[in-house]
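Everything below concerns the one structure shown next.
Bear in mind these aren't lab numbers, they're just calculated from the coordinates by the rules spelled out. Remember, predicted model here, so these are calculated numbers, not experimental data. Positions of Cβ are backbone-derived with ideal geometry, glycine not excepted, and every protein chain shown enters the neighbour counts.
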Amino acid sequence: MTSVPRVLAVFDELLRDASRDRRGALWQLAEQGRELDANLVRLPPGGEVGAHQEDVLDVLLVVVAGNGRIEAGDDSLELTPTTVAWLPRTSRRALAAGPDGLVCLTVHRRRPGLTIRSAAAPAVSYEGGDAPCMLDRVCPACGRLSQDPEPVFCSRCGERFAER
């Protein structure tokens, strides 16, 4: 069977239909067999994704609506509609929404999922994924695994992790 192109979402409709106070991922690419992950994320006015570092994946961020900024060390990058920003892996950055909030599309290579096996399972070759002891680093809102050993905010949707 050959895959065919198709429309998966119309952002204007998603934004129109989502309640004004809804934040986090408004849409996620969820097609079987994909090699990419993509999310339409909304931060409320003044919302933040705390400083974090992604060590594995480059991320492309496209501003769809609103405004904000990326803080990267001594640099502050302004974000307005139609801005495209590259967030290279290993870069440390924080994201802050402006007074109108911020809606952006993030796109990156698909990350292997969590692999949970019983302790009695026979040893098999490594197939990717992360150990189950990292479950406290999975965002309760969107399911993203944080690379930070003690995350405060989710780098995908901005949700605050529970206090430890």
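Starting from the eigenvalues of the Cα gyration tensor, five times each then square-rooted, give me the equivalent ellipsoid semi-axes of the stretch 37-93, largest first, whole Å.
Square roots of five times the eigenvalues give 18, 14, 11 Å.
Tell me, what HN-Hα J-couplings in whole Hz come from the Karplus equation 6.51 cos²θ - 1.76 cosθ + 1.60 at θ = phi - 60° for each residue of the stretch 139-144, using x for Gly and Pro?
For the stretch 139-144, the Karplus curve yields 4, x, 8, 10, x, 6 Hz.
Would you mind checking the stretch 15-55 for residues with the amide N under 20 Å from a putative spin-label position 7 Å along Cα→C-beta of residue 86?
Within reach of a label on residue 86: 36-39, 53-55.
Going by average Cβ density within 10 Å per residue, which order do the peptides 69-78, 55-64 take, highest to lowest?
55-64, 69-78
P(r) for the stretch 1-88: what percent of alpha-carbon pairs falls in each 10 Å bin, starting at zero?
13, 43, 33, 10, 1, 0
Which whole-Hz ³J(HN,Hα) couplings does the stretch 41-53 yield from phi under the Karplus relation 6.51 cos²θ - 1.76 cosθ + 1.60, θ = phi - 60°, glycine and proline marked x?
Whole-Hz 3J(HN,Hα) from phi for the stretch 41-53: 10, 10, 9, x, x, x, x, 9, 10, x, 4, 7, 9.
Pull up all non-local amide H partners of residue 27: gap of 5 or more, or a different chain, and H-to-H distance under 5 Å with H placed in the peptide plane.
Long-range HN contacts for residue 27: 40.
Taking H placed 1.01 Å from N in the peptide plane, check which residues at least 5 places from residue 91 or on another chain put their amide H under 5 Å from its amide H.
So residue 91 has HN proximity to 54.
Ranking request for peptides 11-20, 99-108, 141-150: highest mean number of other beta-carbon atoms within 10 Å first, then the rest in descending order.
Ranked from most to least packed, the peptides come out as 99-108, 141-150, 11-20.
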